[in-house]
1. As a test of reading the structure, rank F371, F129, F449 by solvent-accessible area (1.4 Å probe, protein chains only), most first.
2. Calculate the FRET efficiency for R220 and R540 from the Cβ-Cβ distance with a Förster distance of 56 Å, rounded to the nearest 0.05.
3. Over the Cα atoms of the chain, how large are the radius of gyration and the largest Cα-Cα distance (Dmax), in Å?
4. Using the structure shown, select from K406/K550; K278/K421; K4/K72; K543/K600; K394/K460 the pairs with a Cα to Cα distance greater than 28 angstrom.
5. Rounded to the nearest Å, what's the spacing between the alpha carbon centres of region 584-616 and region 173-203? Just the number, please.
6. Got a number for the accessible area of I267? Probe 1.4 Å, square angstrom, nearest 10.
7. Could you put E276, E368 in order of accessible surface area, largest first, with the 1.4 Å probe and the full protein assembly present?
8. Give the average over all directions of the projected area of the C-alpha convex hull of region 365-446, one decimal, in nm².
Amino acid sequence: MTEKHEFQAEVSRLLEIVAHSLYSERQVFLRELISNASDACDKLRFLAQQDGTLAGDDTDFAVILTADEAGKTLTIADNGIGMDRDDLVANLGTIARSGTAAFVKALDAGQRKDMPLIGQFGVGFYSAFMVADKVAVESRKAGSEAGWRWESDGKGSYTIDAIDLPKRGTSIKLHLKDDAAEFLDADKLGEIVRRYSDHIAIPIKLADKTLNRASALWTRSKNEVTPEQHTEFYRHLSHGFDEPWGTLHWRAEGKIEYTALLYVPGIRPFDLFAPERKHGVKLYVRRVFVNEAPEGLVPRYLRFLRGVVDSEDLPLNVSREMLQNNPVVRLIRQGITARVLGELEKRAKDDADSYGTFWDSFGEAMKEGIFEDAENGGRVLSLARFRTTTAPDKWVGLAEYVSRMKPGQEAIYYIAGDDAKTVANSPHLEGFAKRGIEVLLLSDPVDEFWIAQTADFEGKKFASVTRGSADLDKIAEAEKPEDAKKDDATPDIAPLVALFRLALGDSVKDVRASQRLAESAVCLVADDSDMDIHLERMLRQHKQLRAAAKRILELNPAHALIQALARSLREQGDNTAVQARVSEVAKLLFDQARIVEGDKLDDPSAFAKRLASTLAAGFAAA
Ligand code: ADP
Ligand code: MG
């Protein structure tokens, strides 16, 4: 009985785009189908490690191409894992990969003109419809007796039938479009396979002739592999369409022996911070695939890596459990980490701009290494780059920061917050800007964690500009015009501070004059002994913390409002009406400081009423 299914809406849209995409890019359909066939063989090989009956005697994995001139069909067949009915529906009827789904959405939003050449984008199986007006997939899953036939003309729907199939695996028959007859030509097919699929480790055959080298790319000697071959292999591994940013290929000999071929991606994968995200380094043992992403092979902060490690020292039937805490795996991980960090250090030194693009994509993950990697945390810290108040559009390393520190400056100053913009506009930075002191602008969630666990960089401690008393007097102001000196004579605001303390009572820890402000009237800071403001808010958001510490309200003695308040107290301090009005302003300023901090007010309507009545009183007096 034939079942009829509609494609998921995104698939139909994708198929429309694919069918009308660039003529000259069409040949990549073959790369996609061969890549899937090779993946299917790898998957079966992997499962057969646990259950030998799955692969049976049929372990000579291969991709077989068959061109039928008379029938105008090209068939791509494999003896891999195969698909059952549910697999066919899930894999060939929807877009499972979110990267592709996002791509189709972007096209929808009218970005068609900037879209990358479709061929550079891995549209996967659906690329078959670039060259075929009908596609028939026949498949039998390993371990099952049932065969299935999936068929579609790529116009909105497909059918599924139960059929008899003698052998496990998948064959994909393309009924070529009239203008795609070139893909029946043996020379043409050989050329395309060598160009895009030479790295495939199993044979790709046409009429008994093997078209590719069928040797794993990583086993070839380093200078034998071209950049193009690396790109194709990287895309095969990542299902992506970008160029690798970095390629590392080496053979380790000595205590343990392995070959590694690793790529640093050119773009950040969408799921880099998904909790279930694994690294992308596959484990082979003497050329045989054994594990997709073994735990412990790559440190978590390097999870963006793609590639292959091929070990000589592990048993072939190594299980998942055996891999955990395995000394060989640990040694390989140390080797990988050292190589990758070394390469990053070199690239950072040789080409800061290019390193900046790497940091843009992966810096947020890298920073986890500062505290997670006990052995290499210091190296990772040196590799870290930051936006700063002096260079908001550049990536600044800590060594560069330290080289610019002012005479008398002892700490590396930073400010942390939820987003880069709010952080850059924070009033706490004013006094630092006035003295030309550079401040690191931190807005990644991970920042609070590494900073909390990092004592210093080359002996320089990290200091938050929103915490503790900023002792900026030791650091000379950048330029202090002579006549500004007398303005600076701080008026006595002690009585004002005392009244503020009284008015604010328990809602603050203290009130004091500030050195860190220049333009703003007030700001809130954390006491030396308390948790920093942003860290505390973050922990509260994640329900890790309930109580909030009280803050210190700092007043800017040079601000016109603070001076006016201080003056009115000096002149009419005994007048209870004046005291009451200044107390109201104290409460207003406190709430205002909390708003600037990004905090929620306990009682916003009280704030609004107070603001209105204070303004009204001011106008009535004027
Ligand atoms: P991707 O390869 O990136 O997952 P594709 O569109 O190329 O995306 O393929 C979709 C899915 O269809 C694959 O993930 C796989 O599960 C399944 N598939 C495709 N071709 C085969 C095949 N020859 N054998 C087994 N499964 C396949
Ligand atoms: Mg694919």
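1. Highest to lowest solvent-accessible surface, that is F449, F371, F129.
2. Using R0 = 56 Å, I get an efficiency of 0.55.
3. Reported Rg and Dmax, both Å: 32.6, 108.
4. Pairs exceeding 28 Å: K406/K550; K278/K421.
5. Each part reduced to its Cα centre gives a spacing of 71 Å.
6. That residue has around 80 Å² of solvent-accessible surface.
7. Listed by decreasing accessible area, they come as E276, E368.
8. Its Cα hull, projected and averaged over all orientations, spans 5.6 nm².
The values are calculated or read from the model by the stated rules, or taken from the named source; none is laboratory data. Since the model is a prediction, treat every value here as computed from it, not as a measurement. Here the Cβ is made from the backbone with ideal geometry for all residues, glycine too, and neighbour counts use every protein chain on show. The accessibility values were calculated without ligands, DNA or RNA, using every heavy atom of the protein model including side chains. Shrake-Rupley method; radii C 1.70, N 1.55, O 1.52, S 1.80 Å.
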